[in-house]
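Following: one structure in C-alpha coordinates, then a few remarks.
The values are calculated or read from the model by the stated rules, or taken from the named source; none is laboratory data. Computed from a predicted model, the values in this text were never measured in an experiment. In this analysis, Cβ positions are derived from the backbone assuming ideal geometry, glycine residues included, and neighbour counts consider all displayed protein chains.
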Amino acid sequence: MFKTAESVSPGHPDKMCDQISDAFLDACLTEDPLSRVAIEVMGGHGIVTITGELTTNAYVDPQLIVRRICGEGVGVMANIVKQSPEIAQGVDTGGAGDQGIMVGYATRETPNYMPLEYELARRLNQYLHALHPNDGKTQITLDNGQLIAVVASWCGISRHKLEKEVHDFLKHEELLKTMDSSATKFHINPA
(Lines give C-alpha, C1' and ligand atoms only; values in the text may rest on other atoms or scores of the structure.)
Protein backbone atom coordinates (compact mmCIF):
# COMPACT_ATOMS: atom_id res chain seq x y z
CA MET A 1 0.00 0.00 0.00
CA PHE A 2 1.40 3.38 -1.01
CA LYS A 3 1.52 6.03 1.71
CA THR A 4 2.72 9.55 0.92
CA ALA A 5 3.28 12.58 3.12
CA GLU A 6 4.32 16.12 2.24
CA SER A 7 5.99 18.85 4.27
CA VAL A 8 6.42 22.51 3.31
CA SER A 9 9.07 24.89 4.63
CA PRO A 10 8.31 27.88 6.88
CA GLY A 11 8.91 30.20 3.89
CA HIS A 12 6.35 28.41 1.71
CA PRO A 13 3.21 30.47 0.91
CA ASP A 14 1.01 27.82 2.59
CA LYS A 15 2.85 28.32 5.89
CA MET A 16 2.75 32.10 5.59
CA CYS A 17 -1.00 31.95 4.99
CA ASP A 18 -1.43 29.70 8.04
CA GLN A 19 0.48 32.24 10.15
CA ILE A 20 -1.74 35.07 8.88
CA SER A 21 -5.00 33.25 9.63
CA ASP A 22 -3.68 32.24 13.09
CA ALA A 23 -2.69 35.85 13.82
CA PHE A 24 -6.10 37.09 12.65
CA LEU A 25 -7.84 34.65 15.01
CA ASP A 26 -5.53 35.60 17.90
CA ALA A 27 -6.20 39.31 17.34
CA CYS A 28 -9.98 38.76 17.35
CA LEU A 29 -9.90 36.59 20.48
CA THR A 30 -7.67 39.10 22.31
CA GLU A 31 -10.31 41.82 21.91
CA ASP A 32 -13.39 39.59 22.04
CA PRO A 33 -13.02 36.11 23.57
CA LEU A 34 -16.41 35.11 22.11
CA SER A 35 -15.33 35.81 18.53
CA ARG A 36 -16.22 33.36 15.79
CA VAL A 37 -13.66 33.52 13.01
CA ALA A 38 -13.91 31.70 9.69
CA ILE A 39 -11.05 33.22 7.69
CA GLU A 40 -9.30 31.83 4.61
CA VAL A 41 -5.96 33.20 3.42
CA MET A 42 -4.39 32.74 0.00
CA GLY A 43 -1.12 34.25 -1.10
CA GLY A 44 1.65 34.29 -3.62
CA HIS A 45 3.61 36.53 -5.95
CA GLY A 46 3.39 39.57 -3.66
CA ILE A 47 -0.37 39.50 -2.98
CA VAL A 48 -2.29 38.13 -0.01
CA THR A 49 -6.05 37.65 -0.18
CA ILE A 50 -8.07 37.30 3.01
CA THR A 51 -11.71 36.34 2.87
CA GLY A 52 -14.24 34.95 5.29
CA GLU A 53 -16.93 35.54 7.86
CA LEU A 54 -16.79 36.94 11.40
CA THR A 55 -18.99 37.29 14.43
CA THR A 56 -16.98 39.58 16.70
CA ASN A 57 -16.86 42.94 18.44
CA ALA A 58 -13.14 43.15 17.70
CA TYR A 59 -11.57 45.37 15.07
CA VAL A 60 -8.66 43.76 13.28
CA ASP A 61 -6.69 45.45 10.51
CA PRO A 62 -5.78 42.80 7.90
CA GLN A 63 -3.09 45.08 6.41
CA LEU A 64 -1.20 45.29 9.72
CA ILE A 65 -1.31 41.53 10.29
CA VAL A 66 -0.06 40.71 6.79
CA ARG A 67 2.74 43.27 6.93
CA ARG A 68 3.87 42.04 10.37
CA ILE A 69 4.21 38.50 9.01
CA CYS A 70 5.21 39.07 5.37
CA GLY A 71 6.88 42.47 5.32
CA GLU A 72 6.07 45.79 3.68
CA GLY A 73 6.15 44.90 -0.02
CA VAL A 74 2.99 42.78 -0.02
CA GLY A 75 -0.38 43.81 -1.42
CA VAL A 76 -3.42 42.90 0.66
CA MET A 77 -6.94 42.24 -0.60
CA ALA A 78 -9.54 41.60 2.11
CA ASN A 79 -13.20 40.65 1.83
CA ILE A 80 -14.48 39.91 5.32
CA VAL A 81 -18.20 39.92 6.08
CA LYS A 82 -20.48 39.25 9.02
CA GLN A 83 -21.08 35.56 9.62
CA SER A 84 -24.18 34.24 7.85
CA PRO A 85 -27.23 33.70 10.07
CA GLU A 86 -27.43 30.03 9.01
CA ILE A 87 -23.90 29.27 10.25
CA ALA A 88 -24.38 31.40 13.38
CA GLN A 89 -27.58 29.47 14.18
CA GLY A 90 -25.77 26.15 13.76
CA VAL A 91 -23.11 27.26 16.22
CA ASP A 92 -25.58 28.88 18.63
CA THR A 93 -27.55 25.64 19.03
CA GLY A 94 -24.50 23.59 20.00
CA GLY A 95 -23.22 22.62 16.59
CA ALA A 96 -19.97 23.42 14.87
CA GLY A 97 -21.43 25.37 11.96
CA ASP A 98 -20.13 24.03 8.67
CA GLN A 99 -16.90 22.59 10.05
CA GLY A 100 -15.64 19.13 9.12
CA ILE A 101 -14.01 16.47 11.23
CA MET A 102 -10.38 15.46 10.69
CA VAL A 103 -9.18 11.97 11.55
CA GLY A 104 -5.62 11.11 12.53
CA TYR A 105 -3.91 8.22 14.18
CA ALA A 106 -0.96 7.25 16.31
CA THR A 107 1.42 4.50 15.23
CA ARG A 108 4.48 2.75 16.60
CA GLU A 109 6.36 3.37 13.33
CA THR A 110 8.30 6.25 14.91
CA PRO A 111 9.33 7.21 18.47
CA ASN A 112 6.84 10.12 18.50
CA TYR A 113 3.96 7.93 17.23
CA MET A 114 3.60 9.75 13.90
CA PRO A 115 3.36 7.85 10.59
CA LEU A 116 6.80 7.11 9.14
CA GLU A 117 6.20 8.84 5.79
CA TYR A 118 5.10 12.00 7.61
CA GLU A 119 8.09 11.97 9.95
CA LEU A 120 10.57 11.43 7.09
CA ALA A 121 9.03 14.21 4.96
CA ARG A 122 9.10 16.60 7.93
CA ARG A 123 12.68 15.75 8.93
CA LEU A 124 13.94 16.10 5.36
CA ASN A 125 12.16 19.46 5.11
CA GLN A 126 13.71 20.66 8.36
CA TYR A 127 17.16 19.53 7.22
CA LEU A 128 16.90 21.33 3.88
CA HIS A 129 15.35 24.44 5.43
CA ALA A 130 18.28 24.71 7.86
CA LEU A 131 20.60 24.79 4.83
CA HIS A 132 18.38 27.03 2.66
CA PRO A 133 15.80 29.04 4.65
CA ASN A 134 13.42 29.74 1.78
CA ASP A 135 10.42 28.24 0.01
CA GLY A 136 10.56 24.47 -0.34
CA LYS A 137 8.61 21.25 -0.26
CA THR A 138 9.43 17.60 0.42
CA GLN A 139 7.42 14.45 -0.12
CA ILE A 140 8.08 10.84 0.87
CA THR A 141 6.28 7.78 -0.50
CA LEU A 142 6.51 4.38 1.15
CA ASP A 143 5.20 1.04 -0.10
CA ASN A 144 4.74 -1.43 2.75
CA GLY A 145 7.49 0.28 4.71
CA GLN A 146 9.96 0.59 1.81
CA LEU A 147 11.08 3.99 0.54
CA ILE A 148 10.00 4.16 -3.10
CA ALA A 149 9.97 7.87 -3.91
CA VAL A 150 11.44 11.12 -2.65
CA VAL A 151 10.42 14.54 -3.92
CA ALA A 152 12.37 17.67 -3.00
CA SER A 153 11.53 21.01 -4.60
CA TRP A 154 13.44 24.02 -3.31
CA CYS A 155 13.65 27.56 -4.65
CA GLY A 156 17.03 28.91 -5.63
CA ILE A 157 19.01 25.64 -5.35
CA SER A 158 20.48 23.76 -8.29
CA ARG A 159 19.15 20.27 -8.90
CA HIS A 160 22.63 18.78 -8.49
CA LYS A 161 23.28 20.45 -5.12
CA LEU A 162 19.81 19.61 -3.81
CA GLU A 163 20.13 15.99 -4.88
CA LYS A 164 23.43 15.66 -2.99
CA GLU A 165 21.84 17.15 0.13
CA VAL A 166 18.87 14.78 -0.08
CA HIS A 167 21.20 11.78 -0.38
CA ASP A 168 23.29 13.05 2.55
CA PHE A 169 20.14 13.28 4.66
CA LEU A 170 18.96 9.79 3.72
CA LYS A 171 22.38 8.30 4.42
CA HIS A 172 22.33 9.57 8.02
CA GLU A 173 18.61 9.33 8.86
CA GLU A 174 18.08 6.95 11.79
CA LEU A 175 14.55 5.99 10.72
CA LEU A 176 15.94 4.61 7.43
CA LYS A 177 18.73 2.42 8.86
CA THR A 178 16.93 -0.88 8.17
CA MET A 179 15.37 0.20 4.88
CA ASP A 180 16.62 -0.79 1.42
CA SER A 181 16.43 2.34 -0.73
CA SER A 182 18.21 0.98 -3.82
CA ALA A 183 14.98 1.10 -5.88
CA THR A 184 14.00 4.58 -4.68
CA LYS A 185 13.01 7.12 -7.36
CA PHE A 186 14.18 10.68 -6.80
CA HIS A 187 12.36 13.72 -8.11
CA ILE A 188 14.65 16.63 -7.31
CA ASN A 189 13.42 20.05 -8.44
CA PRO A 190 11.38 18.23 -11.10
CA ALA A 191 9.68 21.37 -12.34
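Out of curiosity, is Leu128 among the aliphatic types (A, V, I, L, M) and assigned to a helix (DSSP H, G or I)?
On the way: among the aliphatic types (A, V, I, L, M): yes; assigned to a helix (DSSP H, G or I): yes.
It is true that Leu128 is among the aliphatic types (A, V, I, L, M) and assigned to a helix (DSSP H, G or I).
Given the condition modelled with pLDDT under 90 and assigned to a strand (DSSP E or B), answer yes or no: does some residue in segment 38-51 qualify?
Within segment 38-51, one or more residues are modelled with pLDDT under 90 and assigned to a strand (DSSP E or B).
State all residues of segment 127-153 that are touching a His at 6+ places or on another chain (Cβ under 6 Å) and modelled with pLDDT under 95; if no residue qualifies, say none.
Initially, segment 127-153 is screened for residues touching a His at 6+ places or on another chain (Cβ under 6 Å), giving 135, 151.
Passing the criteria: only Asp135.
Go through Asp14, Asp26 for me and flag whichever is modelled with pLDDT of 90 or more and either more than 23 Å from the chain's Cα centre (by Cα) or among the charged types (D, E, K, R) (or both).
Numbers: Asp14 fails: modelled with pLDDT of 90 or more.
Only one candidate passes the filter, namely Asp26.
Restricting to segment 72-99, give me the number of residues that are at pLDDT 90 or above and within 22 Å of the chain's Cα centre (by Cα).
Within segment 72-99, residues that are at pLDDT 90 or above and within 22 Å of the chain's Cα centre (by Cα) number 5.
Only one residue in Met42, Met1 is among the aliphatic types (A, V, I, L, M), loosely packed, with under 14 Cβ neighbours inside 10 Å and within 30 Å of Ile140 (Cβ to Cβ), so which one is that?
Met1
Do the conditions hold for Pro190, that is, is it surrounded by fewer than 17 Cβ atoms within 10 Å (Cβ to Cβ), touching a helix residue (DSSP H, G or I) at 6+ places or on another chain (Cβ under 9 Å) and not hydrophobic (A, V, I, L, M, F, W, C)?
Spelling it out, Pro190 is indeed surrounded by fewer than 17 Cβ atoms within 10 Å (Cβ to Cβ), touching a helix residue (DSSP H, G or I) at 6+ places or on another chain (Cβ under 9 Å) and not hydrophobic (A, V, I, L, M, F, W, C).
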